[in-house]
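Chemist: The following block contains the structure, expressed as structure tokens.
What follows draws every value from the coordinates through simple rules; no lab data is involved. From a predicted model like this one, the values you see are computed outputs, not experimental measurements. No Cβ is skipped: glycine too gets one built from the backbone with ideal geometry, and neighbour counts run over all protein chains shown.
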Amino acid sequence: MNRIDALIEEPCPNGVEFKPLGEVAPYSKERAYVADLDADTFVGVDNLRQGGGKAPSTAIPNTDTCTGYREGDVLMGNIRPYLRKSWLADNDGGCSGDVLAFSIKNRDEMLPNFLYWLLSTTEFWEFASRNVKPGKMPRGDKAAYLRYSVPVPPMAVQRAIVEVLDKAVELERELERELERRKTQYAHYRDRLLAFDDSVKRQRLDELGAFTRGRRFVKSDYADEGTPCIHYGEIYTEYGVATRQVVSHLRSNLDVRLRFALPGDVVLTDIAETVEDVGTPVAWLGATPVAIHDHCYSYSSDFNPRFLSHLMRTNWFVAERSKHVVRTKVKTLMIRQFGSIRVPVLPMSEQVRIADILDKFDALTTSLQDGLPAEQVARRKQYEYYRDALLTFKEKPVPASAGSTTEEES
């Protein structure tokens, strides 16, 4: 029996009490004055990070007030919950309507860190993904979250688990910091390699190639086998600079109404949650055409596709691209204006040489097979397994006469 099992055994021989999340930590009813907020105290979906944490906000809303949160509240992104964006607040502030702030009623009953870890488990995120309302940007069902059942073990157990998980995540963060250093080094090297003086000829993208927009397909169109496809959301979550294989397929009988990128094309997404993600490229190197979503464009040209994908990820190109993005709630690329960006035109042999160099460097920072990322992935899987196991409890039987109520959202 380990230390945590021993801590549970004496006070909870028959299991741990479970309660609806809304009974333990309902949504915050606080209001915050937007004029009092800044980049560190306003939280939107865009600046919540996948896997936990947040970056400074790049935009503050125009409203007078917004939902307020307090230090120790757990904030969760409610757009596309499968992205698993959450943060344990370490300050007071305000958040957008698409960020949910869970505020613990009684901190003598549940520790903020413990709730954060509970809402970081695979089980919770799978529950969140099952309870979404369909739409262009799927949102989670707020009422369903409040019904989610959470264990409430003794405080000594919570403290012991938090201590273990905090140490484990700090080890992972050390790896992440090293990976960020390598990515920064790679980006600097890539930008230097792809910086050209005025002696290099430049032409507009729309003079050198053609853009073709994809056609819409929906969740019910997917199949385990069939026509390979690329959905716009997969470009910045599943793929890197280039790919030869897809993660999704469509029913083959849909081919007549689809549009395809050809081998050697670069596929771009035209919408995203952030300006930086709009226009993210992936070079399609597969042996057959691939169906693309209607929020994707294929770009056909005589460029080496790997070279062009690397080029479109440089800081200078992203800065140019951002000039042609409509900054509404959903950021949208204006493809005609995007086509006016002037890019260097190099001999094919030079494009291939540069692409080969950058592919090798990229593999050291992003490949799941090489370098530090492989160690990071292995540790993360080990940590997630350990975390989920630590946060799995035997539920105490509820007497037949007992009932419970859940505080619904206001």
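Chemist: Express in nm, to one decimal, how much length is gained between Val16 and Val352 on full extension, taking 0.36 nm for each residue of separation and deducting their alpha carbon distance.
Modeler: So the extension gain works out to 114.9 nm.
Chemist: For the pair Asp38 and Thr392, how long in nm is the line joining their label points, each one 7 Å along Cα→Cβ?
Modeler: 4.5
Chemist: Right, something else. Just from its helices, what would the mean residue ellipticity at 222 nm be for the chain, if runs of 4 or more DSSP H residues each count -39500 (n - 2.57) and the sum is divided by every residue, rounded to the nearest 500 deg cm²/dmol? Before the final figure, lay out each step's value.
Modeler: On the way: 13 runs with 138 residues, N = 410.
For the chain, the value works out to -10000 deg cm²/dmol.
Chemist: For region 73-152 and region 174-221, what is the separation of their C-alpha centers, rounded to whole Å?
Modeler: 33
Chemist: Can you give the FRET efficiency for Lys142 and Arg257, using 1/(1 + (r/R0)^6), R0 = 25 Å, r = Cβ-Cβ distance, to the nearest 0.05?
Modeler: 0.10
Chemist: Now for a different question. At 7 Å along the Cα-to-beta-carbon direction for both Arg159 and Gln203, put a label point, then send me their distance in nm to one decimal.
Modeler: About 7.1 nm separates the two model spin labels.
Chemist: For each of His324, His295, count neighbouring Cβ atoms within 10 Å of the residue's Cβ, then give the residues from fewest to most. Don't skip to the answer; put the middle values down first.
Modeler: Details: His324 18, His295 21.
Arranged by neighbour count, lowest to highest, His324, His295 become His324, His295.
Chemist: Still on this model: Compute the relative contact order of the chain as a whole-number percentage, counting only Cα pairs closer than 8 Å that sit 6 or more residues apart in sequence.
Modeler: Computed over the chain, the figure is 18 percent.
Chemist: Could you tell me the largest-minus-smallest coordinate of the C-alpha atoms of region 26-97 on each of the three principal axes, in descending order and whole angstroms?
Modeler: 31, 26, 19
Chemist: Further, regarding this structure: Under 12 Å from the 7 Å Cα→Cβ point of Gln50, by amide nitrogen: which residues of region 232-269?
Modeler: Only 233-240 fall inside the zone, counting backbone N under 12 Å.
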